[in-house]
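Enquirer: One structure follows; several queries about it will come next.
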Amino acid sequence: MTSAFDHPDWLASSLLADVGAYALSARIKPLDPAWRLWGPALPVSVPPGDNLAIHHALTLCRAGEVLVIDAQAYLERAVMGGIMTTQSKAAGLAGVVIDGAIRDSLELAGLGLPVFAAGTHPAGPSKKGDGSVLHPIVCAGAPVRAGDWIHGDCDGVVVVPLERKDELLAAAHAKYLREQERMAAIARGDLKPAWLDADLARAAIAVGPR
């Protein structure tokens, strides 16, 4: 069932992280900081520098999914490049997240399919196998199951557990509205948050003379 929150323009990884979504490691970055992705996860695990399970996942994927690959944070061989990313786009995937390396960066930038990775490397992968598809994984420190929702933007990638999707989106939207109210207050000249004095009274912060 779809909801009004399925593709919200206001959605940000920071909002979701602040209300309880799992955040992937800071090493996961978009190739293009303008890219955003949002969709249910298709989790894959591969041995370091191997991509056979990813090829298999691309035969099972559904349009709108996000391919989330635990490549063991290995950066000395890319597990995807231009050909596989072209295939991913043709299959209708919403994007790719890899805790590992990719290659063909300029080609991927031209394709426009959002790709988030831990790094780049020119060397290609082996295809010896092992790994998993559609089983739970831990990718860059975050648990990911098939169907969990993935959001990525210039600040990073977060995982929204499927059973908490409506709850976390509602909480993130409420936080977004509060932040908009604070921005409006700043524009009116209110430069001190209402909570600041109470928090400072509980803290020990040394302040030098002015």
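Enquirer: Starting from the range 153-178, take each residue that is more than 24 Å from Lys29 (Cβ to Cβ) and charged (D, E, K, R) and list its partners that are modelled with pLDDT under 95 and open to solvent by 50 Å² or more (accessible area, probe 1.4 Å), counting only C-beta distances under 9 angstrom and pairs at least six apart or across chains.
Expert: Lys165/Phe5; Asp166/Phe5
Enquirer: Hey, among Val97, Val79, Val66, which residue is under 16 Å from Val115 (Cα atoms) and more than 14 Å from the chain's Cα centre (by Cα)?
Expert: None of the other options fit; the residue is Val79.
Enquirer: Would you pick out the residues in the range 34-77 that are closer than 18 Å to Val158 by Cβ and of a type in the set (Asp, Glu)?
Expert: Glu65, Asp70
Enquirer: Regarding Asp18, is this residue touching a helix residue (DSSP H, G or I) at 6+ places or on another chain (Cβ under 7 Å), farther than 14 Å from Ser88 by Cβ and not aliphatic (A, V, I, L, M)?
Expert: Criteria met by Asp18.
Enquirer: Please tell me if Asp190 is of a type in the set (D, E, K, R), surrounded by 15 or more Cβ atoms within 10 Å (Cβ to Cβ) and either out of contact with any strand residue (DSSP E or B) (no Cβ under 7 Å at 6 or more places or on another chain) or free of Cβ contacts under 8 Å to residues at least 60 places away in the same chain (or both).
Expert: No, not satisfied.
Enquirer: Return the residues of the range 136-146 that are over 12 Å from the mean Cα position of the chain (by Cα) and open to solvent by less than 20 Å² (accessible area, probe 1.4 Å); say none if nothing qualifies.
Expert: Ile137, the sole residue that qualifies.
Enquirer: Residue under question is Arg182, and the condition is that it be open to solvent by 70 Å² or more (accessible area, probe 1.4 Å), basic (Lys, Arg), farther than 30 Å from Ala118 by Cβ and assigned to a helix (DSSP H, G or I); does it hold?
Expert: No: the conditions fail for Arg182.
Enquirer: Another question, if that's okay. Ala73 versus (1) over 22 Å from Ser13 (Cβ atoms); (2) open to solvent by 30 Å² or more (accessible area, probe 1.4 Å); (3) part of a strand (DSSP E or B): which is the lone unmet condition?
Expert: (1)
Enquirer: Right, here's the next one. Testing His55 on (1) outside any strand (DSSP E or B); (2) farther than 24 Å from Val160 by Cβ; (3) within 17 Å of the chain's Cα centre (by Cα), one condition comes back false. Which one is that?
Expert: Of everything listed in (1) outside any strand (DSSP E or B); (2) farther than 24 Å from Val160 by Cβ; (3) within 17 Å of the chain's Cα centre (by Cα), His55 misses just condition (3).
Enquirer: Across the range 18-66, which residue is farthest from Ala101 (Cα to Cα) among those that are surrounded by fewer than 17 Cβ atoms within 10 Å (Cβ to Cβ) and of a type in the set (Gly, Ala, Ser)?
Expert: It comes out as Gly20.
Enquirer: Between Trp10, Trp35, which is in a loop (DSSP other than H, G, I, E, B), closer than 19 Å to Val160 by Cβ, among the aromatic types (Phe, Trp, Tyr) and in contact with a strand residue (DSSP E or B) (Cβ under 9 Å, 6 or more places away or on another chain)?
Expert: So the residue among Trp10, Trp35 that is in a loop (DSSP other than H, G, I, E, B), closer than 19 Å to Val160 by Cβ, among the aromatic types (Phe, Trp, Tyr) and in contact with a strand residue (DSSP E or B) (Cβ under 9 Å, 6 or more places away or on another chain) is Trp35.
Enquirer: In the list Lys175, Lys127, which residue meets the criterion of being in contact with a Leu (Cβ under 7 Å, 6 or more places away or on another chain) and either open to solvent by 70 Å² or more (accessible area, probe 1.4 Å) or closer than 19 Å to Arg77 by Cα (or both)?
Expert: When all the criteria are applied, what remains is Lys127.
The values are calculated or read from the model by the stated rules, or taken from the named source; none is laboratory data. Remember, predicted model here, so these are calculated numbers, not experimental data. So basically every Cβ, Gly included, is an ideal-geometry build from the backbone, and we count neighbours across all protein chains shown. The area values use the complete protein model at the heavy-atom level, side chains included, leaving out ligands, DNA and RNA. Shrake-Rupley method; radii C 1.70, N 1.55, O 1.52, S 1.80 Å.
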